[in-house]
Amino acid sequence: MRLESVEGAMPYRAGERRRKLAAAVLGRDPGPAPRSPEEREPFDVVSGDLLDVSPHLIILETAGGEQRRLVIAPWATAWRGGTVAPADLPTGARVVVRALRGGTVAERIWADITRITGVIREVSGRRDLTVELDCGPHRRERSIVVPYRSSGRIRVRHPKLEPGYLFDAIGLLDQGTSFAHLPATSQPPYRATAVPPPTVTYGGSDAGISGTAVWADLTDLTDLARLAGLTDAGVTEGVAYPMLEREDTGCDDAGVSCAGLPYLALGSLLRVRNVCDGRADTLPIVACGCLAGRFCDRCLECGTSPRGRIVELAACSYVALGGDLTKGCFNARVRLG
């Protein structure tokens, strides 16, 4: 693990301690809340490197070195820069699999998919464009290539490919280079430093608050949750959340959102529910979602969400809650877990 990940876990440990102290004072169970009748169990998700694949079987090696063999459902689909047959996926691809029957049957596969979200720093090139992005303190600077064949689609949704504006695309990670294929959202018309203020504020309702849930390449979130000991509480992945205290996170860009979110501490548990299909899970806040907070957009899955991104999920958590990685968002409701 990179040194930055270990250092970033230290304030999160303090947040976890605060969460447990608050639960003790209020007489609450510090663990995840029980599932309500209207909530559905998350999907099983398996991720790892592709070892072998046939029309009927896929074999993966997980990050922990475990080999997983899954039967490919007859109706299964796969994506690698576009829709492909599962059997055509290349060996060595990094895959995320939505699975059924206890994680033994693959029904949806995404291979080498990536998402790069950030503030544009520089754009170069004439046909194939290279976009340099500031992706925030957790993901640093990254670049993405917009191939000429995808540039029309990207520019329709991102008309201002200029420094200072936001960029959000889904694409393919191929031999270390990220290629944009799909715009993940319509580009906000304002600069990243001019986020509109919230029109309403959180009133403390037990029903929670609604908005957009998105996914990102947040591979460090699971590591941070493990370092902080939250795997002992029955959760194995974490989320990024915009409204955190800057002193706690070491993130000068924290505390910005147009969604009217309450301030929470690192280590707080959030109950995240996909309002489209009812799947819900409790996940800890392990990182600052400072970049997500700068998008005042809407999600159009199963209706139109209120403005604002309220939570940013790792890819596996997003898929477990019923999200499609190529669509990039779902309508969500969050409350304290």
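Whole number in Å², please: accessible area per residue of the range 43-187, 1.4 Å probe, ligands, DNA and RNA not counted.
On the way: 6930 Å² over 145 residues.
Accessible area per residue, the range 43-187: 48 Å².
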Per residue, accessible area of the range 249-337 with a 1.4 Å probe, heavy atoms of protein chains only, in Å², comes to 27
Quick tally, 1.4 Å probe accessible area for 181, 56, sorted with the most first, runs 56, 181
Most packed first (mean Cβ within 10 Å per residue), the peptides 67-79, 239-251 order as 239-251, 67-79
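For the range 278-325, what percent of Cα pairs sit more than 18 Å apart? Working shown, then result.
Numbers: 422 of 1128 pairs.
So the portion of pairs separated by more than 18 Å is 37 percent.
Counting DSSP beta bridges in the range 75-196, what percent are antiparallel, to the nearest 5? Before the final figure, lay out each step's value.
Values: 33 of 37 bridges.
Roughly 90 percent of the beta bridges in the range 75-196 run antiparallel, per DSSP.
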The alpha-carbon center of the range 274-298 and that of the range 79-154 are separated, in whole Å, by 20
Cα-Cα pairs in the range 47-172 separated by more than 21 Å, as a whole percent of all pairs, come to 50
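Given a 1.4 Å probe and heavy atoms of the protein chains only, how would you sort 257, 143, largest accessible area at the top?
Values: 257 15, 143 55 Å².
Sorted by accessible area, descending: 143, 257.
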For residue 104 the rounded accessible area (nearest 10 Å², probe 1.4 Å, non-protein molecules ignored) is 70
Length gained if residue 122 through residue 199 is fully extended, taking 0.36 nm per residue and subtracting the Cα-Cα distance, is 24.5 nm
Calc'd 3J(HN,Hα), the range 331-337, phi into Karplus 6.51 cos²θ - 1.76 cosθ + 1.60 (θ = phi - 60°), Hz, glycine/Pro = x, comes to 6, 10, 10, 10, 8, 4, x
Rounded to one decimal in nm, the spacing of the 7 Å Cα→Cβ label points at residue 143 and residue 156 is 2.8
Measure of exposure for residue 317: accessible area at 1.4 Å probe, Å² rounded to 10, is 10
The answer for trypsin sites (Lys or Arg not before Pro) in the range 77-117 that fall in a DSSP coil and have at most 12 neighbouring Cβ atoms within 10 Å is 101
Note on the range 63-131: C-alpha Rg/Rh, Kirkwood Rh, two decimals, gives 1.13
With x for Gly and Pro, the residue-by-residue ³J(HN,Hα) of the range 315-325, computed from phi through the Karplus equation 6.51 cos²θ - 1.76 cosθ + 1.60 at θ = phi - 60° and given in whole Hz, is 4, 5, 5, 4, 5, 4, 8, x, x, 9, 4
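The values are calculated or read from the model by the stated rules, or taken from the named source; none is laboratory data. This structure is a prediction, so every number in the text was calculated from the model and none was measured. Every residue, glycine among them, receives a Cβ derived from its backbone with ideal geometry; neighbour counts consider all protein chains shown. Only protein heavy atoms, including side chains, enter the accessible area calculation; ligands, DNA and RNA are left aside. Shrake-Rupley method; radii C 1.70, N 1.55, O 1.52, S 1.80 Å.
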